[in-house]
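K.L.:
Below is the structure I would like to discuss, written out as structure tokens.
The values are calculated or read from the model by the stated rules, or taken from the named source; none is laboratory data. Since the model is a prediction, treat every value here as computed from it, not as a measurement. All Cβ positions, even for glycine, are placed from backbone atoms using ideal geometry, and neighbour counts span all protein chains on display.
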Amino acid sequence: MLDVRTCGSLAEAAGLLSADRQAHLIGGGTLVMRAVNEGRLTEGTLVRVTDPAFRQMNLGGPRIELGAGVTMAMVLARGELAFLHPAARSIGGPAVRTMASLGGNLFAGPPYGDFTVALLALDAQVVLQAGYGGGRAVALEDFLAARARGGQGLVAAIQFARPQSPGDFRFRKISRVRPKGIAVMTLAAHLPRAGGRIAQARIAYGAMAPTPIRARGVERALEGKPLDAVSLQAAAQAALEGCRPATDAIASEWYRREVLPVHLARLLAGDGR
Amino acid sequence: MLELRKDLFADERDDTLNVVGKSVQRQDMPGHVTARTRFFDDHAFDGLLHLKVVRSPHPHARIRSIDVSAAARAPGVKRVLRAADVPVNKNTLLSLINFGKDDEPALAVDKVCYVGEPVVAVIAESEAAALAARNLVRIEYEPLTPVFDVEEALKPGAPVVNPTYPNNYFEYHERFDHQKLRFGDVEAAFARADIVIEHRYQMSPIEHAPTETNGSIAAPEHNDRYVVHTCAQGLFFSLGTTAKIVNLESNRLHFIGGTVGGGFGGKVDSLTEPLAVLGAMLTGRPVRFVLDREEEMLYGSPRGAERIYIKDGLMRDGRIVARYVRSYFDAGAYTRLSSYAAIKCTAHIPGPYWIPNVASDIHVAYTNRCPSTAMRGFGITAVDFALEVQMDRLAEAAGLDPMEFRILNAYRDGDVKPHRRVAKNTALIECVQVAAEKANWPLSDQARRQSSLVGGGTGARAEIPATVLDQRGQIGRPESRGAPATGTLPAGAMRIPLTKEPVMEGTRDGRAAPVQVPRYAPAPAPGPAGPPPAAAASRPAAPPASSAPPFYPPAPSPAPVAPPPVAPPAAPPTQHGAMRFSSVFGTRRR
Amino acid sequence: MAKLPVQLRLNGADRATFVDPAEPLLTTLRRGLGDFAPKYGCGQGTCGVCTVLVDGEPQLACLTLAVACDGRHVETASGLADGPDMHPLQTAFMAHFAAQCGFCTPGMLTAARALLAHNPHPTREEVVEAISGNICRCTGYEPIILAILAAAAAPGARRA
Amino acid sequence: MARHEGRGMASVNYPIGMNLGGDPSQALIHSNPDGKFTVALSAIDLGQGMKQVSRQIAAETLGVPVEDVYVDTADSDTGPHDMGSFASRGTHRMGNAVIAAAREARGVLLEAAAEELEVNAADLVTDGRGNIHVRGAPTRSITVKATAQAAQFKQGRTIAGRGIFLLPLSAVDAETGEMNPNTAFAHACLVADVAVDDETGEVTVLRMTSAYELGRVINPRMVEQQLVGGAWMGMSHALYETPEPYYPDPAHGPRDFNEYLMPGPGDIAPYHVTVLERPAPDGPFGGKGPGEMCANPVLPAIANAVYNAVGVRVDELPITPEKILRGIKANGGVRPQPRRGGAVTWRPRDVAVPA
């Protein structure tokens, strides 16, 4: 039978998780409780965190830090995070957004994890806490690459730099169901510009690989270029680099590969479709 | 967004009713909006137990062994059910109306035929305990080759899906591997047609996906009976099915339902009631068996897939002169309702059109997937898709507007349909005209002048044509599928007596009918057995006189292609009016 | 495993019960406290028929740990009417024939109530967004959308 | 050019009730001492409105106000046998059984009233507002309530009725398919307007316009419920739904409402229905039953509209963006077909349903 442990501090929760392989952190419950309800998780301990730090938002400086327990609804309630509202609103309906946490989203399997795609395009770092020690920050991309292995510790917070210009950040979830649907794919782009040319572009995809991934080919194609027809063409041509999309109930691998360049081009061109 | 057009068919209707025809509030609406409506699961029981089933992970496998010892010892577990615990562990849904052979176990016996087939049931104090114990059941399987394609399944040598039907098809009339429809001579008409168009259509399965999943709660009642709260779409259907499987007299079951959270056909199958009642019998406690959403989506029996081939013979003026439909219902591993869907589909062909030569062969094939069942539009939805896309193609080939093409070929009052009965009360033409007008889709004056009341039932439209017969597709003889025609049934021949008028009892105040009530013709006097005179039965009354002659002249009668009439084959034995389908649909084995 | 005590306010009344440690709030409400307004539709967070308000915010009772609701205020569709007086959302749902089987209705009403509490004059798009987590298989959604828009225009719609 | 509009249509009919007959329905009606009626059925209300349809038919036949009738579904101890709610049989089969039961109960009611008024029962009529009076002489009247009390406490009569409706079972001929199927058919024609994105294959249903002939409409708002909800389901069947997305390969079955695709509230298309009434000779007050057929014309109409828009025939359901995109590529690009008609003149929500 499952037990529940409520931890008043992140350190206590991290200690429990590192000491017991059958302990699972439960955030909003959208992943863990489903596993419980469906009988896939029947033994072990669910670890709850009530530490206020877990749901803290530091929005003051250029570097934003969001506790892993921050929910999508909390993001949507803050005007300072307006550039992230399309990503937060793409998660579930309002009830799910009250519950679903940023930390949980990092663990959602494909084609879920839409918010993580946005974080990836923001070059986010994940603050991990292993055992009772202090936290360490790792790049989100590295965290995702190691996700399948597990055991990285408790995700305490997520950090990223605020985009210089909110208009440089774009997010698009391609879904067949409106307004709330599961992703055919998810695209996010951070396109900082210096003197009309793109510098340090970050493009990320969801549902195009077992975890959200960076589109490095596209980033290279855009680097130092103005956002024009030529660079869009080059970006579309590089769109599929590194993609390993799956066939699932939503779409086939063929279809995902076929339409990714189309949706990427529309995203980069600012096409509202 | 609804508009009532009272001007059409106004002389067939009076509008003097008091409450019929009024938008009165639904009786159940206050309960719905206050959340006081009680669905089957909204009933409290002390000591409620929860049942979960272990399902097959294989589409086709022999069961080598089942070990439930760890599950039986698990915390909170009250009872584990296996196939041997089910009193009558073989049933077919339509056995209650004697339709088809028992072919499906409640819990699998020695092999599983689809992913999700129930093998073991665990009953425990809580859902969590039942789920935990379910993970402890150990079943060893020996995988067998599965078959998933309907046409592959019908090939000789295909893996046998359902041992009751070892050729992988439902057996019709103890004679054929499909249901036939024969009306006229389609081959001769194809040879004469200006254009012949043939296409293949496919509908994938569709899940009913009601927001309330299938389930029931069964509890011992004080008087040695069992009360069952259920979402069944047919209360007595489910009661009868359950009584048979758990081997109880039907009056020891008290089924309560009637308020269901969506069904669409997906709650006809009694998926949970038999095991819930059995659980209550064996534990003496209330037992709740509710499918979870994944079970509902994948194992709650869908609308089955259909593959449909349509071949049409078309004249350049837009008249369809022949239609042949060959289709395959994918029943999945067991029969459930697919056998009936094929009959309903047969009666529906060729759609709402008058075509002088029509034939169809409708097959029900078994494959290693979840058994399919009825759904909204049962037996019709897929073939309507195929027919209407085909009609779009035909209109294009004939160079006609699709609306005009429908009106040209529409059936009308008095036309004989291929199942050899006269069409009445038709209104397709009017629907096309009204939809076109509202959609701002221009129609010709000629098309706008057409009427369902006029032009049907004349000439060839009123005749049952001479019909070519065959013995193709005999059970167990796949080589007979390509056999030549065996003879011709003379024009006008009928073999099935007309059904009696509707039976109504309790109308003791015949004099004081309050308002307009259904009009019933007096029941026909009992006559001698055997086919009635064809001409009398098939020729409808003359259509109402009309000042406007029909624009579209009746199609020319098909050239006589029949060889000299031969004696029609003897009609199969039938038992009209008796509640037995067995003479038609095969012997029921219990 | 020992049961845990949970005390909460349910539709304004203080209630207490014992729960299994990992028990979802939905089970507690239905089987423990006898409030059958929230329904089981999926246990996955994909249908919305168990939508409740926890401290005024919409949540899915099937994915909420009951123990996490200790000391909090839970509201269900059972508490929407003020005694015999229906909430404007309820009368609007009736007037618009916005229910057929009625199984999604309690969750829809709760989702709509959460919307109107924050946004008394929503646009059609905001209504659509507010019910986007609630599946209806019967109505085609249109009458539900119209009912919520009509309720928003009615006096007293923000009544909690 | 990435977006192409197209228009398609389809027309269908639909058989009402179990195809071969042999599917009885029964109803029982009784009055309490106040002249209020209860109808006991074992029919199922799964949202289609069985309770209310039976209630209106019972009230109409009894000649009493609809508020004076409640319908109870379904308890096998009190509700007599019924085959169930499927095959669009509820209104037609159970409606007729309710009429039969209500006529019998009405017969007793009028006999009891006749005894009180000292007239012949054949001379009595009801006013639908709870009164019974002599035909042509409204002042010589008695209330249904007073009649029921007299019947119960004075005359010793049970104001009750039982009804059954049965179309006898038909045989089917093995060689020709000859049979006596349903007697009642409903009809429809539907026009769908769509837009197709030629780079992604995505379809947007812009609007639908239809005409349905359903026999007598028992309750217009409830018919609207069925037809509007059914059109949504038809759109869903046409473009989205299946538990086997790669049929006959059974892999990748959807496990939840996220993976099982259906149009969301943001995908619904404006829809206009016109309803015609050609009463069925054997239907209750001519009613047929719209429950099942209302999705059917949508599927081919959308398929034909997609063809009209981009020249791709998708002959396999559901019509996914992938299938359309493959078709466009196989054709070497879009091939829009001739436009049909002009813009519709109705606007969303401009037509009120009659009260």
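K.L.:
Where in the range B:394-487 are there helices (runs of 4 or more DSSP H), lying fully within it, with 3 or more residues that are on the phi < 0 side of the Ramachandran plot and among the aliphatic types (A, V, I, L, M)?
P.N.:
Result: B:402-409, B:428-438.
K.L.:
Could you tell me whether C:ASP14 is of a type in the set (D, E, K, R), without any contact (Cβ under 8 Å) to a residue 60 or more places away in the chain, assigned to a loop (DSSP other than H, G, I, E, B) and more than 9 Å from chain A (Cβ to nearest Cβ)?
P.N.:
Here the answer is no, as C:ASP14 does not meet what is asked.
K.L.:
Across the range B:184-209, what is the total count of residues that are within 7 Å of another protein chain (Cβ to nearest Cβ) and not small (Gly, Ala, Ser)?
P.N.:
8
K.L.:
Could I ask something else about it? Grab the strands (runs of 3 or more DSSP E) fully contained in the range A:1-81, keeping just those with 1 or more residues being more than 13 Å from every other protein chain (Cβ to nearest Cβ).
P.N.:
In the range A:1-81, A:63-67 are the strands (runs of 3 or more DSSP E) which contain 1 or more residues that are more than 13 Å from every other protein chain (Cβ to nearest Cβ).
K.L.:
Does the range A:86-113 hold any residues that are in a helix (DSSP H, G or I) and more than 12 Å from every other protein chain (Cβ to nearest Cβ), and which are they?
P.N.:
Scanning the range A:86-113 gives A:PRO86, A:ALA87, A:ALA88, A:LEU102, A:GLY103, A:ASN105.
K.L.:
Identify all residues within the range B:1-46 that are touching a strand residue (DSSP E or B) at 6+ places or on another chain (Cβ under 7 Å), within 14 Å of chain C (Cβ to nearest Cβ) and aliphatic (A, V, I, L, M); write none if there are none. Spell out the reasoning first.
P.N.:
At the first step, the residues of the range B:1-46 found to be touching a strand residue (DSSP E or B) at 6+ places or on another chain (Cβ under 7 Å) are B:1-5, B:8-9, B:27-28, B:37-41, B:43, B:45.
Now restrict to residues that are within 14 Å of chain C (Cβ to nearest Cβ): B:1-2, B:27-28, B:37-41, B:43, B:45.
B:MET1, B:LEU2, listed by residue number.
K.L.:
Kindly establish whether D:GLU199 is part of a loop (DSSP other than H, G, I, E, B), within 7 Å of another protein chain (Cβ to nearest Cβ) and modelled with pLDDT of 95 or more.
P.N.:
yes
K.L.:
Considering each of D:VAL53, D:VAL71 in turn, give the residue that is part of a strand (DSSP E or B), more than 30 Å from D:LEU325 (Cβ to Cβ) and aliphatic (A, V, I, L, M).
P.N.:
After applying the criteria, what remains is D:VAL71.
K.L.:
Still on this structure: Residues of the range A:14-26 being touching a helix residue (DSSP H, G or I) at 6+ places or on another chain (Cβ under 9 Å) and either modelled with pLDDT under 95 or of a type in the set (A, V, I, L, M, F, W, C) (or both), which ones?
P.N.:
Matches in the range A:14-26: A:ALA23, A:LEU25, A:ILE26.
K.L.:
Related question: Out of D:ARG313, D:ARG340, report the one residue that is in contact (Cβ under 8 Å) with a residue 12 or more places away in the chain, charged (D, E, K, R) and touching a Lys or Arg at 6+ places or on another chain (Cβ under 7 Å).
P.N.:
D:ARG340
K.L.:
If you don't mind, there's one more thing I want to ask. If we keep just the residues of the range D:256-283 that are more than 19 Å from the chain's Cα centre (by Cα) and aliphatic (A, V, I, L, M), which is farthest from the other protein chains (Cβ to nearest Cβ)?
P.N.:
Only one residue fits best here, namely D:ALA269.
K.L.:
Return only the number of the condition from (1) surrounded by fewer than 16 Cβ atoms within 10 Å (Cβ to Cβ); (2) out of contact with any Asp or Glu (no Cβ under 9 Å at 6 or more places or on another chain); (3) of a type outside the set (Phe, Trp, Tyr) that A:LEU128 does not satisfy.
P.N.:
Condition (1) is where A:LEU128 drops out.
K.L.:
Given the conditions (1) out of contact with any helix residue (DSSP H, G or I) (no Cβ under 6 Å at 6 or more places or on another chain); (2) of a type outside the set (Gly, Ala, Ser); (3) at pLDDT 95 or above; (4) in a loop (DSSP other than H, G, I, E, B), report the number of the one that D:ASP282 does not fulfil.
P.N.:
With (1) out of contact with any helix residue (DSSP H, G or I) (no Cβ under 6 Å at 6 or more places or on another chain); (2) of a type outside the set (Gly, Ala, Ser); (3) at pLDDT 95 or above; (4) in a loop (DSSP other than H, G, I, E, B) applied to D:ASP282, the lone miss is (3).
K.L.:
Could you tell me whether B:THR283 is polar (S, T, N, Q) and within 7 Å of another protein chain (Cβ to nearest Cβ)?
P.N.:
Criteria not met by B:THR283.
K.L.:
A further question follows. Which of the residues spanning the range B:107-122 are assigned to a loop (DSSP other than H, G, I, E, B), more than 22 Å from the chain's Cα centre (by Cα) and on the phi < 0 side of the Ramachandran plot? It would help to see each step written out before you state the result.
P.N.:
So in the range B:107-122, the residues assigned to a loop (DSSP other than H, G, I, E, B) come out as B:107-110, B:113-117.
Subset that is more than 22 Å from the chain's Cα centre (by Cα): B:107-110, B:113, B:115-117.
Of everything in the range B:107-122, those that are assigned to a loop (DSSP other than H, G, I, E, B), more than 22 Å from the chain's Cα centre (by Cα) and on the phi < 0 side of the Ramachandran plot turn out to be B:LEU107, B:ALA108, B:VAL109, B:ASP110, B:CYS113, B:VAL115, B:GLU117.
K.L.:
Farther than 18 Å from D:ALA160 by Cβ, within 21 Å of the chain's Cα centre (by Cα) and not small (Gly, Ala, Ser), is that true of D:LEU20?
P.N.:
Yes.
K.L.:
Okay, moving on. Show the residue pairs that are 6+ apart or on different chains and have beta-carbon atoms under 6 Å apart, the first residue being within the range C:123-146 and closer than 17 Å to D:ASP256 by Cα, the second being part of a helix (DSSP H, G or I).
P.N.:
C:GLY133/A:ALA95; C:GLY133/A:VAL96; C:ASN134/C:GLY107; C:ASN134/C:MET108; C:ASN134/C:ALA111
K.L.:
Within the range B:1-94, which strands (runs of 3 or more DSSP E) (wholly inside it) include 2 or more residues that are acidic (Asp, Glu)?
P.N.:
none
K.L.:
For the range B:8-30, what are the residues that are β-branched (Val, Ile, Thr) and modelled with pLDDT under 90?
P.N.:
Across the range B:8-30, the qualifying residue is only B:THR16.
K.L.:
A further question follows. Looking at B:ARG369, B:ARG316, B:ARG376, B:ARG307, which one is touching a residue at least 12 places away in the same chain (Cβ under 8 Å), in contact with a Phe, Trp or Tyr (Cβ under 6 Å, 6 or more places away or on another chain) and surrounded by fewer than 24 Cβ atoms within 10 Å (Cβ to Cβ)?
P.N.:
B:ARG307
K.L.:
Go through the range D:191-239 and give me each residue that's of a type in the set (Asp, Glu) and either within 15 Å of the chain's Cα centre (by Cα) or buried (at least 24 other Cβ atoms within 10 Å of the Cβ) (or both).
P.N.:
Selection gives D:ASP193, D:GLU213, D:GLU224.
K.L.:
Among the numbered conditions (1) closer than 29 Å to D:VAL194 by Cα; (2) more than 9 Å from chain A (Cβ to nearest Cβ), tell me where D:GLY253 comes up short.
P.N.:
The single condition D:GLY253 does not satisfy is (2).
K.L.:
Have a look at B:ARG448, B:ARG406, B:ARG495 and point out the one that is farther than 24 Å from B:ARG319 by Cβ and charged (D, E, K, R).
P.N.:
B:ARG495
K.L.:
Which residues, counting only those in the range D:113-124, are out of contact with any strand residue (DSSP E or B) (no Cβ under 9 Å at 6 or more places or on another chain) and either outside the structural domain of D:GLY63 (by TED's automatic domain parsing) or surrounded by 24 or more Cβ atoms within 10 Å (Cβ to Cβ) (or both)?
P.N.:
Hits for the range D:113-124: nothing passes.
K.L.:
Scan the range C:15-41 residue by residue and report those that are within 14 Å of B:ALA35 (Cβ to Cβ) and among the acidic types (Asp, Glu).
P.N.:
Once the filter is applied, which keeps residues that are within 14 Å of B:ALA35 (Cβ to Cβ) and among the acidic types (Asp, Glu), the range C:15-41 yields only C:ASP35.
K.L.:
Only one residue in B:PRO350, B:PRO356 is over 23 Å from B:PHE170 (Cβ atoms) and assigned to a loop (DSSP other than H, G, I, E, B), so which one is that?
P.N.:
Of the residues listed, the single one that is over 23 Å from B:PHE170 (Cβ atoms) and assigned to a loop (DSSP other than H, G, I, E, B) is B:PRO356.
Residues checked against (1) in a helix (DSSP H, G or I); (2) modelled with pLDDT under 95; (3) more than 7 Å from every other protein chain (Cβ to nearest Cβ); (4) more than 21 Å from the chain's Cα centre (by Cα):
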{"site": "D:SER88", "(1), (2), (3), (4)": "no, yes, yes, no"}
{"site": "D:HIS92", "(1), (2), (3), (4)": "yes, yes, yes, no"}
{"site": "D:ASN96", "(1), (2), (3), (4)": "yes, yes, no, no"}
{"site": "D:GLU116", "(1), (2), (3), (4)": "yes, no, yes, yes"}
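K.L.:
Further question: With the condition kept exactly as written, say whether any residue in the range B:145-161 is outside any loop (DSSP other than H, G, I, E, B), touching a residue at least 40 places away in the same chain (Cβ under 8 Å) and of a type in the set (A, V, I, L, M).
P.N.:
Yes, that holds for at least one residue.
K.L.:
To continue, here is another question. Hey, any hits in the range D:21-43 for a residue that's facing chain B (nearest Cβ under 7 Å) and in a helix (DSSP H, G or I)?
P.N.:
No: the range D:21-43 contains no residue that is facing chain B (nearest Cβ under 7 Å) and in a helix (DSSP H, G or I).
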